[in-house]
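These notes concern the structure reproduced below.
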Amino acid sequence: MKFGYFDDANKEYVITTPRTPYPWINYLGTQGFFSLISNTAGGYSFYKDARLRRITRYRYNNVPIDMGGRYFYINDNGTIWNPGWSPVKTELDEYECRHGMGYTKITGKKNDLKVNVTFFVPQDYDGEVQQVVLTNEGSADKEFAFFSFAEWCLWDAQDDSNNFQRNFSTGRVEVDGSVIYHKTEYRDRRNHYAFYSVNDAIDGYDTDRDSFIGLYNGFNNPEAVIAGKATNSFADGWSPIASHYKKITLKPGETKTLVFILGYVEMPQAEKFEADGKTINKVKAKAMIEKYSTPEKFEEGMKELKLYWNKLLSILSVTTPDDKVDRMVNIWNQYQCMVTFNLSRSASYFESGIGRGMGFRDSNQDVLGFVHQIPDRAKERIIDIASTQFPDGGCYHQYQPLTKKGNADIGGDFSDDPLWLILSVSAYIKETGDWSILETKVPYDNDMSVAQTMLDHLTVSFYHIVNNLGPHGLPLAMRADWNDCINLSCFSDTPGESFQTYTNPKFAQEGGYSKVAESVMVAALFTYSGPNYVEILKHLGKDEEAAKAQAEIDKMKKNIMESAWDGDWFLRAYDANGEKMGSKECEEGQIFIEPQGFAIMSDVGKDQGTDLKTLAAIDERLNTKYGLVLNNPAYTKYYIQYGEISTYPGGYKENAGIFTHNNAWIICAAAYAGQGDQAFKYYSEIAPAFTEETSDIHKTEPYVYGQMIGGKDAGADIGQTGKNFGQGKNSWLTGTAAWNMVAISQYILGIQPDFDGLSINPSIPHEWDGFTAIRRYRGATYNITVKNPNHVCKGVASMEVNGQAVDGCIVPITDGQKEYNVVITMG
Ligand code: BGC
Ligand code: NOJ
């Protein structure tokens, strides 16, 4: 069942009922000011850091779900409603929500009054602009009371949700005409305030929540709205809010437009107040309000936003035989990649904004998805990440976006982390041809006095693996590898211990983790990422170092084949007791997804047919109609030697859930192995546009990936196997976005930036006649036509560039050339 439709021409998803199976959200903002907005206008705003600079309040895991947001209320002669349906939930005569690129439009109609609200955060602007267009579509005059509503957060979202003894006495506001200012702590230690304005005279306001809503009422029936009139309350402690009240009369056919602005302002210490030393200096706020004070200025801002997104999205656009692929590649997958760039894993409807900082591995992988759109910012991001590395190649697992410093509470020793840096730096060079990044001086642990070049960072990354091998010559698993929930050194039996950071006394002497437990996943990631390091060295003429590194890769491949090939697939790990994990010999968890794709893509044991055998086993044991499960059979009991993975009931998260992130690795591997049909099958099982038809089962947004989909074992624990099979969770902020972008664009469509130019080597469904693509790359435009007359899955029979036949798959770069017309014939 669907709850809307894609409007590709406008790059929008149009939601046609407010009762979506879960709140379906969008993000506004691309620089400092961000908002989350659901299809019923729920959500909140923050400036740069969702924990430390939260502007409006939001209550997670609320009952009912998604209560709280920026709301407009209408009291039309006793009929009370919101244009976004919630929170009053009066049945509307018409409802529509259009989530677009950086904006959301919500329209509601009731008793001939149509209200359309467009929300967006303009470029270079620290505020959410909301344009409300009210139209009387009836034949009689309409007279109604109109209210806005936003609830202020007292800045630090974590403190705001627990330090009530203090917070109930600190809230402060100011009202100046139609502008309500939030200035809690501005007098003392803060130099920022927020405001909520409207570009018209008002008939009243409320700034105290309990006066507006009533202590025993809710967002769904605020007393002031019921009374049809604001109380002009002035907050002094408790919970400050901002609500404008306006009496409006519209003649038949008449329209009224109002522009509201929810803004954030920072002031230099010396200019914080007016001459009286008390009243806040509103100069900046007034300039912000002025900037979008008319519908014309609003339109101008929207136009700029559209140009910004059109430019970003035009770097790659494809026309394939499947419009679902086109809308993923051209619009939504790229859009989601940019959202993960902006938000990392901080704030979504599943991430509360007070939890995690930026992840070392997460942010490096995100780069793979957006580097083509914003290479300069990708470079800056890569340098920030590498700056949290230690001189031995290990690294902080997370860092804080405001300080950019490594997070000591979480520490390091995640075995996979360093390798992702090799991949992100390589992706940056492959995209831009800018080798100078390797010469950039980058600190260790943010200490510039021990800075070395980025190339040195890659070297220590590579050798951090080589220098930390276990008994089988495979990389030590440490606290965890990519799978945060395989914790082979933890042996935790006490509630509350973090599986990732707890050090079991039994390993304290050994540096905190077992020197026996090994990760085959990291071994395969090493053989997959390592060759990039080797190529970089060769390019720099460092042949000896390249040969030395290559020898390590070859040795690792040998070790994998000797100790980690289980006959039909690759093992997952050796645990701290030296026992195999992910083997046929295991009772449960016999096969895991994570090592397989990387091993296949680095040709480990290819001469023995490991690639096709492994792919066959994956298809048989892991594939389902909703995607590939992470492991099989699911764990049904707690294995203290494995850690968090076995705490999840089977079918969820890392325990046999469909973890869409690593599905992409198999899509890539199948495409790499020439199995275009398989690759596309796995791609379409999880790509959001393909799940649209089953939105009732999938539940989360059909335009973006979620981290996890319930696997085939979901519900088995309660005797209802398959209960939540196919149900998505944790949408938006996941490495799935970047990796599936890579999978479809670079592996299936085969348009892959390489060190020496753009490589084009598709691996597509055999029934496709071909496809076309436009790719902007290193300052030139590539018009690509792929023909598939013989209906093969893979194979480039010939390539022509500007009419000339060219050998191989890489389009040679000609200096100064601005346009490449590339025709590929498969066969
Ligand atoms: C989740 C993982 C996540 C980790 C972060 C675990 O509970 O299952 O997906 O990466 O927490 O620490
Ligand atoms: C989500 C985390 O953000 C990511 O770092 C990790 O690799 C996966 N979960 C798998 O555990």
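The values are calculated or read from the model by the stated rules, or taken from the named source; none is laboratory data. Worth saying up front: this structure is predicted, and the values here are computed from it rather than measured. Here the Cβ positions follow ideal geometry from the backbone for every residue, glycine too, while neighbour counts run over all protein chains shown. Just so you know, the surface numbers come from the protein's heavy atoms only, side chains and all, with ligands and any DNA or RNA stripped out. Shrake-Rupley method; radii C 1.70, N 1.55, O 1.52, S 1.80 Å.
Structure notes:
- Translational diffusion of the chain, µm² s⁻¹ [Kirkwood Rh, Cα pairs; Stokes-Einstein; 10 °C; 1.306 mPa s]: 56
- Selected from A634, A599, V371, residue furthest toward positive end of dipole (the chain; charges at beta carbon): V371
- Computed from the alpha carbon atoms alone, the convex hull of segment 158-309 holds 171 Å³ per residue.
- Relative contact order of segment 203-311, defined on C-alpha pairs under 8 angstrom at six or more residues apart (%): 22
- Protection-proxy order for peptides 445-455, 602-612, each taking the mean of Cβ atoms within 10 Å per residue, highest first: 602-612, 445-455
- Set K247/K297; K542/K794; K11/K183; K441/K794 screened for pairs whose C-alpha atoms are more than 30 Å apart: K542/K794; K11/K183; K441/K794
- Our summary gives segment 366-435 a relative contact order of 34 percent, counting only alpha carbon pairs under 8 angstrom and 6 or more residues apart.
- Computed from point charges on the beta carbon alone (+1 for Lys and Arg, -1 for Asp and Glu), the dipole magnitude for the chain about its Cα centre is near 1280 Debye.
- In the chain, taking the dipole from charged Cβ atoms about the Cα centre, the farthest positive-side position among I280, N10, N333 is held by I280.
- Solvent-accessible heavy-atom area per residue, rounded to whole Å², over the chain at 1.4 Å: 35
- Proximal charge balance of Y782 [Cβ under 9 Å; K/R count +1, D/E count -1]: +1
- Taken over the Cα atoms of segment 723-827, the convex hull encloses 121 Å³ per residue.
- Carbon + sulfur, % of accessible area of the chain - ligands and nucleic acids excluded, 1.4 Å: 47
- In the assembled protein chains, Y672 presents an accessible area of approximately 80 Å² (probe radius 1.4 Å).
- Per residue, the Cα convex hull of segment 594-658 amounts to 97 Å³.
- Charge dipole (debye, nearest 20) of segment 305-400; +1 at Cβ of Lys and Arg, -1 at Cβ of Asp and Glu: 200
- Net charge, G651 excluded, C-beta distance under 10 Å - Lys, Arg +1, Asp, Glu -1: +1
- Of the residues R572, R187, R166, ranked by 1.4 Å probe accessible area with the largest first, the sequence reads R187, R166, R572.
- The trypsin sites (Lys or Arg not before Pro) found in segment 721-827 that occupy coil by DSSP, while having at most 11 further C-beta atoms within 10 Å, are K818.
- Given charges at beta-carbon only (K, R positive; D, E negative), |dipole| of segment 595-676 in Debye: 220
- Note on exposure: E685, E767 ranked by accessible area (1.4 Å probe, complete protein assembly) read E767, E685, with the most exposed listed first.
- Distance between modelled label sites at E620 and E91, nm, 7 Å Cα→Cβ extension: 5.5
- Accessible area of K558 (1.4 Å probe, protein heavy atoms only, ligands and nucleic acids ignored): about 120 Å².
- Selection of GluC sites (Glu not before Pro), segment 68-105, meeting DSSP coil and at most 10 other Cβ within 10 Å: E91
- Formal net charge of residues neighbouring S363 (Cβ-Cβ distance under 10 Å; K, R +1; D, E -1): 0
- Order of exposure, largest accessible area first, which applies to L525, L52 with probe 1.4 Å: L52, L525
- Only helices enter the 222 nm calculation for the chain: every DSSP H run of n ≥ 4 contributes -39,500 (n - 2.57), and dividing by all residues gives -7500 deg cm²/dmol, rounded to 500.
- Note on T501: accessible area is roughly 50 Å² with a 1.4 Å probe, heavy atoms of protein only.
- Rounded FRET efficiency, nearest 0.05, which uses the C-beta distance separating A451 from A780 and R0 of 30 Å: 0.30
- Furthest towards positive pole of dipole, Y463, Y399, A386, structure part segment 376-500, Cβ charges: A386
- Normalised Debye scattering of segment 233-304 at q = 0.12 Å⁻¹ gives log10 I(q)/I(0) of -0.56, counting only Cα atoms as equal scatterers and leaving out solvent.
- For segment 620-765, averaging the sequence separation of C-alpha pairs within contact (under 8 Å, six or more residues apart) and dividing by the residue count gives a relative contact order of 24 percent.
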